[in-house]
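The values are calculated or read from the model by the stated rules, or taken from the named source; none is laboratory data. Keep in mind that this is a model prediction, so the values were computed, not measured. Quick reminder, even Gly has a Cβ in these numbers, built from the backbone with ideal geometry, and neighbours come from all protein chains shown. Heads up: the accessible areas ignore ligands, DNA and RNA and are worked out on the full protein's heavy atoms, side chains in. Shrake-Rupley method; radii C 1.70, N 1.55, O 1.52, S 1.80 Å.
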Amino acid sequence: MRQVDLRQRLIRAAEQEIAACGPAKASLRAIARRVGVSHQATAHHFEDRAGLFTALAVEGFELLLSRTRSAVSGVPVAGGQQVTAAGVAYVEFAARQPTMFDVMFRPELLHADDPALGAARLAHRALLLDLVGAAQAAGWAASVPTEELVTIGWATVHGLAVLQRDAQLTVVPTEVELDPARLLVVIGRALGALV
């Protein structure tokens, strides 16, 4: 078995183990068992469990970045439409990759100072800054500082993603449809109206 293949297999096994028993109980031994290798074999790729979880988080940020780029491709800048499309991609990512999404935002599970993790986070933030900046240049929420608008938007979308992932939007009794994609359009309009 090639070492690159083993590394990827360990990352996939970590994702499966976390999904099965939660991150607190996902041990390197159990992950290695899923792959059919010894516990010591993990040390060739990851110094510890946090190193393996960090690799999973890096992969998550890279996948989120790719999906966001795809989601905004061909979408008009005007009216913050690309910003809304990026928000929809974020919520969909959280719904489709719940384990990866959870690990990405749990600093106690990761090596927070890992250079690859830092670069992946910054790349995603840079894309959001570019999208919001372009929308502002077209007149959308132009009076709000870009960094602030990105943070407000991210906080809102992340909260919506967590509520959707945890099925909280379906347990709230309401006469209004709480579809995340539709809510993000409303959020985009509200942010665009900020003065």
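Check whether at least one residue in region 47-67 is aromatic (Phe, Trp, Tyr) and either free of Cβ contacts under 8 Å to residues at least 24 places away in the same chain or not in a loop (DSSP other than H, G, I, E, B) (or both), and report yes or no. I'd like the intermediate steps shown before the answer.
We begin by selecting, within region 47-67, every residue aromatic (Phe, Trp, Tyr); these are 53, 61.
Right, trim to either free of Cβ contacts under 8 Å to residues at least 24 places away in the same chain or not in a loop (DSSP other than H, G, I, E, B) (or both) and you get 53, 61.
Yes, region 47-67 contains a residue that is aromatic (Phe, Trp, Tyr) and either free of Cβ contacts under 8 Å to residues at least 24 places away in the same chain or not in a loop (DSSP other than H, G, I, E, B) (or both).
Only residues that are open to solvent by 50 Å² or more (accessible area, probe 1.4 Å) and either within 20 Å of LEU122 (Cα to Cα) or in a helix (DSSP H, G or I) (or both): list them for region 135-171, please.
Across region 135-171, the qualifying residues are ALA137, PRO145, GLU147, GLU148, THR151, ILE152, TRP154, ALA155, THR156, LEU163, GLN164, ARG165.
I'd like the residue in region 172-181 that is open to solvent by 80 Å² or more (accessible area, probe 1.4 Å) and not β-branched (Val, Ile, Thr) and, out of all such residues, is modelled with the lowest pLDDT. Step through it out loud before you land on a result.
Applying the first criterion (open to solvent by 80 Å² or more (accessible area, probe 1.4 Å)) to region 172-181 yields 173, 175-177.
Filter again for not β-branched (Val, Ile, Thr), leaving 173, 175, 177.
Numbers: PRO173: 63, GLU175: 68, GLU177: 68.
Result: PRO173.
Considering only region 54-70, I want to know if a residue exists there that is within 18 Å of ARG125 (Cα to Cα), of a type in the set (Asp, Glu) and open to solvent by less than 50 Å² (accessible area, probe 1.4 Å).
Yes, the conditions are met somewhere in region 54-70.
List the number of the failed condition for PRO76; all other conditions in (1) over 22 Å from VAL162 (Cα atoms); (2) open to solvent by less than 60 Å² (accessible area, probe 1.4 Å) hold.
Failing condition for PRO76: (2).
Is at least one residue of region 14-29 farther than 19 Å from MET104 by Cβ, more than 24 Å from the chain's Cα centre (by Cα) and either at pLDDT 90 or above or open to solvent by 20 Å² or more (accessible area, probe 1.4 Å) (or both)?
There is at least one residue in region 14-29 that is farther than 19 Å from MET104 by Cβ, more than 24 Å from the chain's Cα centre (by Cα) and either at pLDDT 90 or above or open to solvent by 20 Å² or more (accessible area, probe 1.4 Å) (or both).
When residues of region 30-46 are filtered for being touching a residue at least 12 places away in the same chain (Cβ under 8 Å), over 18 Å from THR99 (Cα atoms) and either among the hydroxyl-bearing types (Ser, Thr, Tyr) or open to solvent by 20 Å² or more (accessible area, probe 1.4 Å) (or both), how many remain?
4
For the list (1) surrounded by 15 or more Cβ atoms within 10 Å (Cβ to Cβ); (2) under 30 Å from ALA30 (Cβ atoms), I need the number of the one condition that LEU128 fails.
All conditions pass for LEU128, except number (2).
For region 68-118: of the residues being without any contact (Cβ under 8 Å) to a residue 40 or more places away in the chain and hydroxyl-bearing (Ser, Thr, Tyr), which is nearest to ALA26 (Cα to Cα)?
SER70
Looking at the structure I just gave you, is ARG121 among the basic types (Lys, Arg), part of a helix (DSSP H, G or I) and more than 22 Å from VAL185 (Cα to Cα)?
Here the answer is yes, as ARG121 does meet what is asked.
Is there a residue in region 12-35 that is in a helix (DSSP H, G or I) and within 24 Å of GLY188 (Cα to Cα)?
No, that holds for no residue.
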